[in-house]
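Scroll down for the structure; my scribbles are underneath it.
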Amino acid sequence: MFENLSERLSKTLNNIRGRGRLTEDNIKETLREVRMALLEADVALPVVREFIASVKEKAVGTEVSKSLTPGQAFVKIVQKQLESMMGECNETLNLAAQPPAVILMAGLQGAGKTTTVAKLAKFLKEKHKKKVMVVSADIYRPAAIKQLETLAEQTEAFFYPSQLDQSPETIVTMALDAAKKQFMDVLIVDTAGRLHIDDAMMQEIQTVHQVLNPVETLFVVDAMTGQDAANVAKVFHETLPLTGVVLTKIDGDARGGAALSIRSITGKPIKFIGSGEKNDALEPFHPDRIASRILGMGDIQSLIEDVERHVDQEKAKQMAKKLQKGQGFDLADFRDQLQQMNKMGGMMGMLDKIPGMGQLPANAMSQIQDEQVFKKMEAIINSMTPKERAYPDIIKASRKRRIAKGSGTEPQDINRMLKQFTQMQKMMKKFSKKGSMHKLMRQMGGKLPNFK
């Protein structure tokens, strides 16, 4: 997300960052570039106008003129205005209600409501230790009810079964009653969507809302629809008292117009962003962190949270002990590292949050973006015997042919993978000597081994 906007803004602001003195002319030129970057990112025109006016007002005022580094002060103003545009800070769910707290999910068909219901259930269960029940009031798509049942099983949420011959009002009334009897903390309701807004759908969801009186009414919207997402959210808000927005499929949106427009147009905060199909691919929306990522400054806090959430701490301790005892880093360990990386959204999911990674050359980024490379490497290691994983030096020509056949690859792929493993092995040896991953990262200086 934001790749195009981040690249454009980073180049524009780098030109002014080092200026010792700002003039009306260079501010005007920079603001023109910023304006074009936002419009190309599909940010709504009224939002762009307001943004540029606010930045200009602050830039030509005392904030910059009194600064020892005017160029950097200007960048700071842009960053703060981006944060303000998206809502300043994360707004959490309001679950302060007599249990069960009801969360109603609304949105158009195809926006990802059902998968978001499951992701939110998992988030509340694991992060807030809540007992969660989910129910589908979508009587028009039998597959939606079955899909939610399957997802509930995967996320270990309680599922209330609904029938196609029941009305949505009956379904949610019975689900709420069941949630109370089973002492649920939260009830999440998935509603019917349509391919477009229509009066019947709006009337139905209004009725459901009146029956439930939810503490949270979240609008689920596809980020790839750009500023149209903000316009649709506005229509829904005129029908329902929305409390927030969930922006889905952000991994497929290189522009970011929806995220930058929704708060200004609807007055409602983005509370969560979702990417991918995995049940844990949902995270709270932090405007300050997103603004930092847009400007190429990374998002270390989110990266740390990803590591804490996805990395197997027990395995990490075992690895540290193994290395400290002088035992080697083998291919089974290398496979574990690849799997942990995949849990955190792959290489691009991590690099997006590391400061300065947006400045990598295009050819380096294209290498890293190819997630198939990592899947291929894992397949190769899975095709090896335990002895080969422990002692890769024994892997000669005949073994390479067998491994290649078993993993659907070529012998040269085996050679490349072994070369990459050797590079990682050398790094892990440095780690065992220094005893600190922080020192290792500093030694690496942000350099990554060649993954192709």
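The values are calculated or read from the model by the stated rules, or taken from the named source; none is laboratory data. Just so it is clear, the structure is predicted and the values come from calculations on it, not from any experiment. Neighbour counts run over all protein chains shown; Cβ positions are idealised from the backbone, glycine included. For accessibility, only protein heavy atoms count, side chains too; no ligands or nucleic acids. Shrake-Rupley method; radii C 1.70, N 1.55, O 1.52, S 1.80 Å.
Please report the antiparallel percentage of the DSSP beta bridges confined to the range 161-293, to the nearest 5.
25
Rounded to the nearest 0.05, what FRET efficiency do Gln98 and Glu156 give with R0 = 41 Å and r taken as the Cβ-Cβ distance? Could you check?
Computed FRET efficiency for Gln98 and Glu156: 0.95.
Normalised by the number of residues in the range 129-234, what is the relative contact order in percent for Cα pairs under 8 Å and 6+ residues apart?
It rounds to 30 percent for the range 129-234.
Measure off 7 Å from each Cα along the Cα-to-Cβ vector at Glu277 and Asn231, then give the distance between these two points in nanometres to one decimal.
It is 3.1 nm.
Ignoring any ligand, DNA or RNA, what whole percent of the accessible area of the range 140-290 comes from carbon and sulfur when the probe is 1.4 angstrom?
Heavy-atom surface of the range 140-290 belonging to carbon and sulfur, 1.4 Å probe: 51 percent.
After finding the eigenvalues of the alpha carbon gyration tensor for the range 89-190, what semi-axes result from the square roots of 5 times each, listed largest first in whole Å? Please report the intermediate quantities before stating the final value.
On the way: eigenvalues 82, 51, 33 Å².
The three semi-axes for the range 89-190 are 20, 16, 13 Å.
Given a Förster distance of 41 Å, report the FRET efficiency between Asn90 and Asn382 from their Cβ-Cβ distance, rounded to the nearest 0.05. Don't skip to the answer; put the middle values down first.
On the way: r = 39 Å, r/R0 = 0.96.
The computed FRET efficiency comes out at 0.55.
Return the distance in nm (one decimal) between the two label points of a simple spin-label model at Gln425 and Ala390, each offset 7 Å from Cα along Cα→Cβ.
Each label point is offset 7 Å from its Cα along the Cβ direction, giving 1.5 nm.
Using a probe radius of 1.4 Å on heavy atoms only, what accessible surface per residue do you get for the range 118-236? Whole Å² is fine.
Counting only protein heavy atoms, the per-residue value for the range 118-236 is 46 Å².
If I model a spin label at Gln210 and Lys56 as a point 7 Å from the Cα along the Cα→Cβ vector, what separation in nanometres do I get?
According to this spin-label approximation, the distance is 4.8 nm.
If Lys and Arg each add +1 and Asp and Glu each add -1, what is the summed charge of the other residues whose beta carbon sits under 9 Å from the beta carbon of Met377? Before the final figure, lay out each step's value.
Details: positive: Arg335, Lys375, Lys376, Arg416; negative: Glu378, Asp413.
Every neighbour counted, the sum reads +2.
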